[in-house]
Amino acid sequence: MARALAWTTPGATKLDWGLTVVQPNPAAAADAVSVRLHELGEPELVAACLEGRIGAFDLIVERHRRAVYQLCYRFVGNHEDASDLSQDVFLRAYRGLKNFRGQSSLSTWLHRISVNVCLNRVSVKAPQTEPIENEQHVDTRSESPSEHVLRGERAVRVRAAVARLPEKQRAALILRMYHDMSHQEIADAVGSSVGAVKANVFHALQNLKRLIGEDVR
Amino acid sequence: MHLNEGQLIDLAEGTRPESAEPHLASCARCRAELSELRAVMSVAAGVEVPEPSPLFWDHLSMRVHDAVAAEATRPRGSAALGLGRASSLWSWRVLLPAAALAALVAAAAVSIRSPSDMGGGGSPAGTASIGGVDSGVDVARLVDDDPLLSLLADLAGELDWDDVVGAGLTTSSWSVDRVVLEMSADERRELRRILSEELTKS
């Protein structure tokens, strides 16, 4: 029976607590306390998540949110949609985590989900990127030398061009160039063949050259 | 015959050496095509995604956390994974002791406030009777002996559940987990010591 109790109110600066022990398995209780989630490797983290430790999924999000966001951003070319898509990706990952078998890395698995989420979204909503010549996204930190400014402007044009590529070409190019996935992994992710992936990368690069034209020298 | 798309990509990416394609040495068109591919790749590779606000990452994590929490609390059947069950189990691990405590405090509050009303066919005054089963525990004495439980018993007479929730005195499985995560090594040691102490008593 608990002998002391304390409730922590919002804004309290010091945690103070008492305990009521109801854990039927003392060893498991001690383990639960001693194992730090941050020290867990990928498979253990997934297992912890499936055991219901909500903090475990938070940690998965923390570890992979940048890569997922960047992939989504490259797909849609704007922050707002990339942010929404990233949330969708992680929610879908949470739903499907019990099916993750560890045959690929968690990041590859998340990239696959990201591509599917992006492709689904893109198929019902045209990308909201501006035409390249009307692109408004200039680097506001442009107090730097002119070459830096030119490089920034070119980056804007390239990102916009990537976001305007046909879906499969876009997926293949992004995963290959920016997420270091093999042709085979990309083929698995998009449900295609290695040959088709290479062809898509090839045509994506040709279209990119056409879209950014004079910048390619 | 010119190089096909796959061969050109392999050469451009460097996964296949140029020496493996003798045709390249004799075909200006394929060499030009390969050169252009490499140039576009070079331009594209150097383009980074703009870095969002530093606050964005925590905001994104929180959005995901809220969405997942909403997913986990959805009625069974609409939840698409076994995680909902695990989360429910975790919730019960928190809720059960809370419910037990609430029952104790409620019993204590009732017995302290109106012991004479508990007479008749029920338990002796000051003895807890839950579900018609006499526990044999003298709750009034237990509460009297512990000033903190006594205070809780007094509070319980004044509060209802809505008041408790409104005052932010409740917790959630996530916040408990978070607290454990944020504990220092010393705090974890202390928690382990208290856990062991309590477990040996039970």
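Where a number appears in this text, it was derived from the coordinates with a stated rule and is not lab data. This is a predicted model, so every value here is computed, not measured. For neighbour counting, all protein chains shown are included, and Cβ atoms are generated from backbone atoms with ideal geometry for every residue, glycine included.
List of remarks:
- Whole-Hz Karplus values for the range A:89-103 come out as 4, 5, 5, 5, 5, 4, 5, x, 4, 5, 8, 6, 9, x, 6 Hz, taken residue by residue from phi with 6.51 cos²θ - 1.76 cosθ + 1.60 and θ = phi - 60°; glycine and proline positions read x.
- Computed extension gain for residue B:184 through residue B:69, at 0.36 nm per residue and net of the alpha carbon distance, reaches 38.8 nm.
- Between residue B:32 and residue B:59, the modelled labels are 4.9 nm apart [label points 7 Å from Cα along Cα→Cβ].
- Test item: A:197-208 mean partner chain Cβ contacts at 10 Å: 5
- Residue A:44 paired with residue B:4, simple spin-label distance in nm, labels 7 Å along Cα-to-beta-carbon: 4.7 nm
- Sorted by Cβ neighbour density within 10 Å, fewest at the top, the residues B:2, A:111: B:2, A:111
- Sorted by Cβ density within 10 Å, fewest first, the residues B:183, A:177: B:183, A:177
- Listed from fewest to most Cβ neighbours within 10 Å, the set B:58, A:88 follows the order B:58, A:88.
- FRET efficiency, residue B:51 to residue A:99 (Cβ-Cβ, R0 41 Å, nearest 0.05): 0.80
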